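Q: Would you mind keeping the following structure in view while I ask a few things?
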Amino acid sequence: GGHPFGGPGMRRSTSRRKPSPAMNNIPFSLEDLYKGVTKSYKITRTVNGRQQQETVTVEVKPGWKKGTKITFEGKGDQPSGGLAGDVVFVIDEKPHAHFKRDGNDLVYTQDVALSQALCGFALSIPTLDGRNLRVDMSEIVTPGYQKVVAGEGMPMRGGSKGNLRIKFNVRFPTRPLNDEQKKKLKEALANG
């Protein structure tokens, strides 16, 4: 006769199923995602009914994005007689005080007074690798204007970097101008 369970191959595949992977979200600062970092994590797994602890090392490469997955094959739970599952770490990004990430670009918002927006100014931006980046603004800052500094964004594969995009929040005077100030302003802007 025939085999019960529809043949030898079918029976084996059902008893040797791999458990679904254990997913772990791990949040990193934007500085760590910029520079790259190596961190160790303790994982607890059940093998044949017994708990085991093991340490795995996650090596984050410079420029990695939120949602990047690192899989440790066979480091998950292993039911008795079954295959060991995988452990998956998913990179998450902590909010940053000054920067927002947009793909490989970094976005920085700067408050400026109306006089600065019209007359120019210099600003100093603390970078993710500890430098102070000086940006000279000679152009007039109009609503919605963005200054792009090439190569000051997140690292990318191949050694290049995204851009730094500076957005401006122009602050208008809160007190009314006196007649003398209005006259000077009208004269100065008459030819603009």
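Q: Given (1) open to solvent by 50 Å² or more (accessible area, probe 1.4 Å); (2) without any contact (Cβ under 8 Å) to a residue 60 or more places away in the chain, where does Thr109 come up short, assuming only one miss?
A: (2)
Q: Name the residues in region 44-68 that are more than 25 Å from Asp129 (Cβ to Cβ), at pLDDT 95 or above and either of a type in the set (A, V, I, L, M, F, W, C) or open to solvent by less than 20 Å² (accessible area, probe 1.4 Å) (or both), would you?
A: Residue satisfying the conditions is Val56 alone.
Q: Here is a check on your reading of the model: is Arg157 out of contact with any Gly (no Cβ under 9 Å at 6 or more places or on another chain) and open to solvent by 70 Å² or more (accessible area, probe 1.4 Å)?
A: Here the answer is no, as Arg157 does not meet what is asked.
Q: For region 116-135, give me each residue that is exposed (fewer than 13 other Cβ atoms within 10 Å of the Cβ) and either touching a Pro at 6+ places or on another chain (Cβ under 7 Å) or β-branched (Val, Ile, Thr) (or both).
A: Selection gives Asn132 alone.
Q: Evaluate the following for Ile140: is it open to solvent by 50 Å² or more (accessible area, probe 1.4 Å) and either at pLDDT below 90 or of a type outside the set (D, E, K, R) (or both)? Can you show your working first?
A: Values: open to solvent by 50 Å² or more (accessible area, probe 1.4 Å): yes; either at pLDDT below 90 or of a type outside the set (D, E, K, R) (or both): yes.
So Ile140 passes the test.
The values are calculated or read from the model by the stated rules, or taken from the named source; none is laboratory data. Computed from a predicted model, the values in this text were never measured in an experiment. Cβ coordinates were reconstructed from backbone atoms using ideal geometry, including for glycine residues, and neighbour counts include every protein chain displayed. When the accessible area is computed, the model is the full protein with side chains, heavy atoms only, and any ligands, DNA or RNA have been set aside. Shrake-Rupley method; radii C 1.70, N 1.55, O 1.52, S 1.80 Å.
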